[in-house]
Ligand SMILES: Nc1ncnc2c1ncn2[C@@H]1O[C@H](COP(=O)(O)OP(=O)(O)OP(=O)(O)O)[C@@H](O)[C@H]1O
Ligand SMILES: [Mg+2]
């Protein structure tokens, strides 16, 4: 596995303090504590408030959003440096659409990002190497950001968050159909000691999470801990997924399925 230099992994707990749903009723779950290395799913029908909860975390809501929720770090509201200084930033977001603001090469972009974080620009090659373990279509350091496919962009951002960004909290809103090895991406981030919060209806990802928050009408209605049975279903799904991935690759390569 990749050893990431100078990543300080101080203990960290993120707490979501419940607020209200769309009708102003209190969240049934009034407090959720999450530690490093945990993967937490957010599930619920369309319009139930999943992206809103992600946004609450992203901006460290302090009762100042429509949900009135509060987000605490180690029991306290984060200070303004943690909220705003890019080197101290606690949250990284892997968004639904990757829009790169500048058209530069992958290598230039990564070196610039490493420098802005006060890190060795040489980490760029490590990021690309790692990203290429997550996507079927290899990324070349000289590729321009704007020509990357959706899967390549997400793989690159995932590896970038794992290696360059120290942000201990990673938010992912809908990673399905992303064209990257999803469970490996989550495993990588959690393995780096990050708190991974993922909105998903993909049974494999939802069951990979240790717990999932169930949203309804804008409220956090319950938290389900993944049971042993569910975990064994996850193992089965993972096997089927591996089999399908293999078949897909065979067909992509123009070969015949035996
Ligand atoms: N607790 C809340 N209080 C007030 N408004 C809310 C709350 N939660 C969600 N909403 C509003 O409900 C609408 C739908 O919420 P949101 O986009 O978060 O749903 P979603 O579960 O992400 O849906 P989708 O699956 O379609 O992405 C938004 O306009 C949002 O502002
Ligand atoms: Mg949404």
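The values are calculated or read from the model by the stated rules, or taken from the named source; none is laboratory data. As the structure is a computational prediction, the values presented were derived from the model and not from experiment. Every residue, glycine among them, receives a Cβ derived from its backbone with ideal geometry; neighbour counts consider all protein chains shown.
Cβ-Cβ contacts under 8 Å between residues 6 or more apart (or on different chains), taken from a first residue in the stretch 43-58 that is in the same structural domain as residue 198 (by TED's automatic domain parsing) to a second residue that is in a helix (DSSP H, G or I) and more than 7 Å from ligand 1 (Cβ to nearest atom), are listed as 43/206.
Scanning the stretch 1-28 for residues that are more than 14 Å from residue 195 (Cα to Cα) and modelled with pLDDT of 95 or more gives 17, 18, 19, 20, 21, 22, 23, 24, 25, 26, 27, 28. Among the residues of the stretch 52-77, the ones that are closer than 24 Å to residue 209 by Cα and in a strand (DSSP E or B) come to 4 in all. When we screen 199, 106, 127, 170 for residues that are closer than 30 Å to residue 60 by Cα and more than 13 Å from the chain's Cα centre (by Cα), the only hit is 127. Among the residues of the stretch 173-196, those that are within 16 Å of ligand 2 (Cβ to nearest atom) and over 8 Å from the mean Cα position of the chain (by Cα) comprise 174, 175, 176, 177, 178. Taken over the stretch 25-51, the residue count meeting the criterion of being within 12 Å of ligand 1 (Cβ to nearest atom) and part of a strand (DSSP E or B) is 3.
Go through the residues of the stretch 212-220 one by one and say whether even a single one is away from ligand 2 (no atom under 16 Å from the Cβ) and outside the structural domain of residue 108 (by TED's automatic domain parsing). No, that holds for no residue.
Could you list, in sequence order, the residues of the stretch 196-227 that are within 24 Å of residue 181 (Cβ to Cβ), touching a strand residue (DSSP E or B) at 6+ places or on another chain (Cβ under 8 Å) and away from ligand 1 (no atom under 16 Å from the Cβ)?
Going residue by residue through the stretch 196-227, those that are within 24 Å of residue 181 (Cβ to Cβ) are 196-212, 226.
Within this subset, residues satisfying the condition of being touching a strand residue (DSSP E or B) at 6+ places or on another chain (Cβ under 8 Å) are 196-201, 205-206, 208-212, 226.
Hits for the stretch 196-227 are 196, 208, 209, 210, 211, 226.
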